[in-house]
Amino acid sequence: MKQTRQWMLLCVAIAVLTVGCGNTGRKGQSKKATELIEVAHKTRDYQRLLTLADSLEQAGEVSHASANYWRGYASDKLNQKRMAEFYWKNSVTAAETSDDAEEVGFYAKSASRLANLLCLRGDLVSAYRMAKPVVDRLETLGCDTTSDYVNLLIYLGCSQSSAGETAGDADDGFKLAYQKHLENIDRNHSSAAYKNAIAGLINIAYYCITTGNYQKAITWIDHFGELVGQYEQLPDADQNYIDKQVARFDIYRARALEGLGKKEDAAKVFDAFRETRFSQMPEGRINANDYLIIANRWNEAADNYHSLNALLDKQEEPFTMETIKDLLLKKYQANQLAGRKDTALAVSKQICDSLSRALDLASKTEKEELATIARRAEKFADQQAAPARQQRIWNYVVLALAFLLALAYAAFCRMRVRKEKVAYKNLDKAYTQLEAQTTARVAGETKQGIINAIKRTLCPDSLPQHAALSSYVSQTTAKESAGGIYDLLIRDGKLFCMVCDPSDADVWSSMMMAVAKTQFRTVSAVETEPGRIVATINTALTESCGADSAVKLFVGVLDLSTGHLEYSNAGHVMPLTVGTEVSKLPVDAQAYELAPDTMLLFYNEALLQVKNAAGKSYGESRLLGEALQAKKTDPAPQPFVESIHAALNRYIEGTEWSDDVLLLAVRYKG
């Protein structure tokens, strides 16, 4: 027994030493990690910053929240917006329950950056849903004095009206943010404090102008001007910065006055803008057109656009979709309305020449970002499974101890050697089976986690709104399934719709759905023919996986003024039309006329394959019957879909869903 105790003490000592050595020097290395990140940040070496975030997190020198913040920051600076959004969302999630001061700091930073990104993209509803709980938690923790918190208040105000909140709530948020900025200036009275406050008021004023609230815009522009004047008195004030902000003040004020119908006052303020040095620079000339265009001063606007090429030459990739939409199209409009037909024709040729390149670049960038997101999602899922692996290591230690104890005990119990040997073999066999089962389960959970992460990224947060439409969607998620996706968008009075099913329940098929949705969004921006949209998507799928059968696809384009529906199907189940009768869209046709108050019901093949306890599939005939009954009960999209869903639940009688089921109802009001 003495020998047995010695073995046990030895094993415990080894385990303690292993854990202790693993933590040696952590504090000093964390400080060094911070210094390395700061150097890459200040030198704008964003690729180096990405590499550092990966290696330092792997070494345990920085937290998951911190690493994801810096990944998002570097991706944003490299114009990889989807990657930045993915990383900042992961950072917010990683730190949302932590009370550690450093973690809370990265929580606020990531949320502020993410809210700004979503607002710039126009996704105000998502910005509000993300920012509101963060603001509430920062206030609860008493972390409501930082610039990140104040910026979140401003983004929250900008997004509140889109999220259904009242305008008064937005005003209160703006006023509180302004007060916080003034308090920060009183505490620090530094150049950075003034610049943070000025940047915040610029966002508020710009929001009021773009939403047409010109009178409130004047108030915030005046506060903006007051802060610029106070900043100018600082001994270290940057004169170039002052000149640019004075120019911005004049342009904003001219736009607001023009919006209020005070044209003469607006013209005088614009004359003051032209006295600044910034107004003579290419960027300043382009900014001046924000006022000249709404004032219908087309000749001056057209003259200013001569500076556009000089501005674009400074960009690494000058001809993107954003550049074409925000600059070249406006340049074309200004020259056209100024009567400069030759210049307008030249600009239109420039737009055509750059559009194909911009589309290819957008498609390539999206593919690369989505592939990276998938790899990162898999890696993060693997990190989440790390505690399970650690537990298995301790299981090995325990088993090793048991084995050593068995050997020591065998030395004193020779008469029972054979019996103990048989018992050990049985134990080893059981452990091997348990290990195999655990490995398979963790692998399956990791795979499904990746698939679900991709699906959450692909499905839209909300359905588009239009006077001629009402819609509702329901998605039931199974434990192990790739599921289907959908997408709706409205352009030029037409509703573009897509439903897509994977050919298999694996990560690759989910990635192919991501490619399909990306192509749908990209092609629908310029194309209205469903057949061509489907053909382009299939081409992209062929390039990605060698075959266009990786997904089953339906694309439709509905004219919201006439009810004329054109569609193209590539292996997907045909949607139902729910009007005076309930039937499927004709398979052999490519167009259909929707009467007013007719509803389209999109669904995936999994719905027809739902099985009850007896193993019998739900089937198309039962769906048609339930749809007819649901129409009689209430033809509005939400109660209609809920009625179908309730019928499915009754059919399976408590049996688990074997696959994801999608129900999307779109009612054309006429």
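The values are calculated or read from the model by the stated rules, or taken from the named source; none is laboratory data. Treat the numbers as computed from the prediction; the structure is a model and nothing was measured. Note that each Cβ is placed from the backbone with ideal geometry, even for glycine, and that neighbours are counted across all protein chains shown. Side chains included, ligands, DNA and RNA excluded: accessible areas come from the protein's heavy atoms. Shrake-Rupley method; radii C 1.70, N 1.55, O 1.52, S 1.80 Å.
Which condition number in (1) under 19 Å from S621 (Cβ atoms); (2) crowded, with 18+ Cβ neighbours inside 10 Å; (3) of a type in the set (S, T, Y) is the one that T598 fails? Single failed check for T598: (1).
Do you know which of the residues in the stretch 508-527 that are small (G, A, S) and buried (at least 21 other Cβ atoms within 10 Å of the Cβ) is nearest to L329 (Cα to Cα)?
Let us first name the residues in the stretch 508-527 that are small (G, A, S), namely 509-510, 514, 516, 524-525.
Of the ones still in play, those that are also buried (at least 21 other Cβ atoms within 10 Å of the Cβ) are 510, 514, 516, 524.
Working: S510: 36, A514: 29, A516: 28, S524: 18 Å.
Applying the filter and picking the extreme gives S524.
Just to be sure, is Y472 open to solvent by 30 Å² or more (accessible area, probe 1.4 Å), over 31 Å from the mean Cα position of the chain (by Cα) and either modelled with pLDDT under 60 or within 30 Å of T562 (Cα to Cα) (or both)?
no
Elements of the type strands (runs of 3 or more DSSP E) sitting completely within the stretch 582-669 and holding at least 1 residues that are within 30 Å of the chain's Cα centre (by Cα) and among the aliphatic types (A, V, I, L, M): these cover 598-603, 661-668.
Output the residues belonging to the stretch 528-545 that are farther than 19 Å from L664 by Cβ, in contact with an Asp or Glu (Cβ under 7 Å, 6 or more places away or on another chain) and either hydrophobic (A, V, I, L, M, F, W, C) or surrounded by 23 or more Cβ atoms within 10 Å (Cβ to Cβ) (or both). Matches in the stretch 528-545: L541 only.
For the stretch 621-635, filtered to residues that are of a type in the set (G, A, S) and loosely packed, with under 14 Cβ neighbours inside 10 Å, the residue that is nearest to A665 (Cα to Cα) is G625. Does S63 satisfy being in contact (Cβ under 8 Å) with a residue 24 or more places away in the chain, open to solvent by 30 Å² or more (accessible area, probe 1.4 Å) and in contact with a Phe, Trp or Tyr (Cβ under 8 Å, 6 or more places away or on another chain)? So S63 passes the test. Candidates Q230, Q245: the one that is open to solvent by 20 Å² or more (accessible area, probe 1.4 Å) and either modelled with pLDDT under 85 or of a type outside the set (K, R) (or both) is Q230.
The helices (runs of 4 or more DSSP H) located wholly in the stretch 192-275 that include 1 or more residues which are farther than 21 Å from Y178 by Cβ and free of Cβ contacts under 8 Å to residues at least 24 places away in the same chain occupy 239-259, 263-273.
Suppose we filter the stretch 155-181 for residues that are modelled with pLDDT of 85 or more and within 20 Å of A108 (Cβ to Cβ); how many remain? Don't jump to the end; show me each part of the working.
Our first condition is that a residue be modelled with pLDDT of 85 or more; within the stretch 155-181, this holds for 174-181.
Narrowing the set further to residues that are within 20 Å of A108 (Cβ to Cβ) leaves 174, 176-181.
Looking only at that region, the number is 7.
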